[in-house]
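Read through the structure below, which is laid out as structure tokens, and then see the notes.
Coordinate-derived values only; no laboratory data. As the structure is a prediction and not an experimental result, all values here were calculated from the model. Every residue, glycine among them, receives a Cβ derived from its backbone with ideal geometry; neighbour counts consider all protein chains shown.
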Amino acid sequence: MNKTTQFFIGVDVSKPYFDATLLSVINHVKQDMITERFDNNNVGLKSFAKWLKIHQVTFDENTLLVIENTGIYHRALWLFCSKHNLAIHIGNAMHIKNSFGIARGKNDKIDSQRLCNYARKEWEDLKAVPALNPVLMQLKDLMSARTKLLSQLNSTQTYIKELKDVRINAIQKTIETAHQKAIEGMRASIKHLEQEIKKIIIQNKDLKTNYDLLITVPSIGHLTAVYMICCTNNFVSKISGKQLACYAGVVPFCNESGISVKRKNKVHHMANKDLKKMLHLCALTAIQHYPEFRQYYERKKAEGKHSMSVLNAIRNKIVLRAVAVINNQKPYVDNFKIVA
């Protein structure tokens, strides 16, 4: 195979199947695109491997496969790439879509071709994701299941409370009893999931190491530490504090243009809302139980800062310290306590 040959593969993934488009670039000359559809299962992945082999695709640094993050539907393809050492970039769907510019019409085949062109144009800047970690996927699924159950539990409890306030339904007691059994069942399920989460953390050395480091940071508790590990794939990509803070939506951005547009710096709406919510609770805990953060909050409030703006700054500080202890592989040292 020619050393100057590159292969770019764009894959549009759905639940039943995925469309793959292959573009070969030989001596900087683009060849015709080739598109094929495969079932999104083990049989389809075997056919996909044969298809790549027929077209002499090399599984090395000269090949890049790009897909959008589809939640769980792309996991089989990610695992396939991990086993075959095929570089895969899992991109943010909105970011990729915006890179297309003005695009009219779409279908699965066209989307895979657009992803293929995106891979070719941006390949120098695109980073391949780490190999899929089955243990980390289990942890993510458990955390996701816990979040859904907790949401259902809160919704049910709110309904029961509202029902008690009204007290006009003739079968109110029957409804309350039925829901109470459901509430008890959900609480038991949540408790069981939390036990399984702790078991996975304890049994995996890499996860346990980073978990122990994270909980040394003031106000970061068990669930926040686990969720950070899930969001960052256990920090294997050496993410920076600013990157994680931006992902969590706690970094304010300026909004200015010339002399006519001068607005206040604001956080962006695109963020991981669950992580942001957890960090908000961490910030509230920090100003209640840690003198350093409490004094910072009171000082900024005295300067005229809005309380939410100060809380956001504290959230940012917590994220930066969390990433610092991971990157340095050293527990957090409370220098404020030493000085005081």
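Quick notes on this one:
- The label-point distance for residue 240 and residue 306, in a model that sets each label 7 Å from Cα toward Cβ, rounds to 2.7 nm.
- Based on Cα contacts under 8 Å between residues 6+ apart, the chain shows a relative contact order of 13 percent.
- Taken over segment 135-232, the ratio of Cα radius of gyration to 2.2 N^0.38 Å equals 1.42.
- Entries of 276/305; 199/277; 106/148; 50/205; 46/238; 148/276 with Cα pairs more than 28 Å apart: 106/148; 50/205; 46/238
- Proportion of all alpha-carbon pairs of the chain beyond 31 Å (%): 51 percent
- Label point distance in nm, residue 289-residue 109, each placed 7 Å from Cα along Cα→Cβ: 5.9 nm
- Helix-only CD estimate at 222 nm, as mean residue ellipticity for the chain, using -39500 (n - 2.57) per DSSP H run (n ≥ 4): -18500 deg cm²/dmol
- Stokes-Einstein diffusion coefficient of segment 5-122, Kirkwood radius over Cα pairs, 20 °C, 1.002 mPa s, in µm²/s: 151 µm²/s
- If the chain linking residue 26 and residue 47 were pulled fully straight, counting 0.36 nm for each residue of separation and taking away their Cα-Cα distance, it would gain 5.1 nm.
- Extension gain from residue 157 to residue 125, taking 0.36 nm per residue of separation minus the Cα-Cα distance: 6.7 nm
- For segment 1-124: relative contact order, % (alpha-carbon pairs under 8 angstrom, 6 or more apart): 33 percent
- Note on residue 269 and residue 171: their simple-model spin labels are 4.2 nm apart, each label 7 Å out from Cα toward Cβ.
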